[in-house]
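The values are calculated or read from the model by the stated rules, or taken from the named source; none is laboratory data. Note that the coordinates shown come from a computational prediction; the quantities given were computed from them, not determined experimentally. Here the Cβ is made from the backbone with ideal geometry for all residues, glycine too, and neighbour counts use every protein chain on show.
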Amino acid sequence: MTPRVRPWLPLLLCAAACSSSPPRRIYVLSPPIDSAAPTTASPAGDPMVQKQRLEVRRVLVPDYLDDTDIQMRTGSDEVQSSVTGRWGERLSLGVTRALSADLAARMPRYTIVQDGATNPQRQLRISVTALDLWPNGHCVLAANWSIVDQDSTTPVTSGSATFVDSLNAGGPATATDASRVEAIARTLAKLADNIVQSAEDGTARGVAPN
């Protein structure tokens, strides 16, 4: 007599195989707060100078990216989620926090606040139109932005740019989730540099150098 196959046996084997896989690592884009770093109360150390409050609105990203999965481009019309790492928060929130930190370090004449802050003098609106992260660590970020006064809809300055970052050496075999996250962080830092330059010059560049 042929023994009956227990229907729950494949489920147990599958559960055992899944439980043996290590959990996905969790990544964030914003750096930890340096408690030892000095706090600048006003520009150039002058306590009489009142800094402007610049509100960084929540950054808009494409819907398919605004998730906790780390999405990578695997073809012209295909993306794939990393099986070894994920974001600690939705990508739009992570990008907003990272850019806020980058801008705070670069714009000492402003108090950088995030979406929902009270009484900002100006608002920074950023839209990420593309963020292509490839398995080999190649990252391409395209974004546009505008800075508007609180009482006006006319931008003080605006611009758009494309930024590229790649691993210095190696190929797909050397790229990891951590190195890919670092590539994104570097492109966001380039975006912050471009926004600062645009704010200072009153003009925007077209395409930033790699």
Selection from the stretch 59-81 of residues that are part of a strand (DSSP E or B) and farther than 25 Å from D102 by Cα: R73, T74, G75, E78, V79, Q80, S81
Reported set for the stretch 93-116 where residues are closer than 23 Å to W134 by Cβ and touching a strand residue (DSSP E or B) at 6+ places or on another chain (Cβ under 7 Å) is G94, V95, L99
Please indicate, with yes or no, whether at least one residue in the stretch 101-113 is in contact with a helix residue (DSSP H, G or I) (Cβ under 7 Å, 6 or more places away or on another chain), surrounded by 17 or more Cβ atoms within 10 Å (Cβ to Cβ) and not in a helix (DSSP H, G or I). yes
Scope the stretch 82-94; condition within 14 Å of I184 (Cα to Cα) and part of a strand (DSSP E or B); matching residues: R86, W87
Check S198 against each of (1) modelled with pLDDT of 90 or more; (2) under 22 Å from L54 (Cα atoms); (3) among the small types (G, A, S) and name the one condition it does not meet. (1)
So, first residue surrounded by fewer than 21 Cβ atoms within 10 Å (Cβ to Cβ) and modelled with pLDDT under 95 in the stretch 121-134, second residue assigned to a strand (DSSP E or B) and among the acidic types (D, E), Cβ within less than 8 Å, six or more apart or across chains; the pairs are Q121/D149; R122/E55; R122/D149; Q123/E55
From A185, A189, A169, A175, grab the single residue that is of a type in the set (A, V, I, L, M, F, W, C), at pLDDT 85 or above, under 30 Å from P23 (Cβ atoms) and part of a loop (DSSP other than H, G, I, E, B). A175
Here the qualifying pairs (Cβ atoms under 6 Å; residues six or more apart or on different chains; first in the stretch 67-88 and within 16 Å of A178 (Cβ to Cβ) and surrounded by fewer than 17 Cβ atoms within 10 Å (Cβ to Cβ); second at pLDDT 95 or above and of a type in the set (A, V, I, L, M, F, W, C)) come out as G88/I26; G88/V28
Residues of the stretch 110-145 satisfying the condition of being of a type in the set (S, T, N, Q) and within 24 Å of D165 (Cβ to Cβ): S127, T129, N136, N144
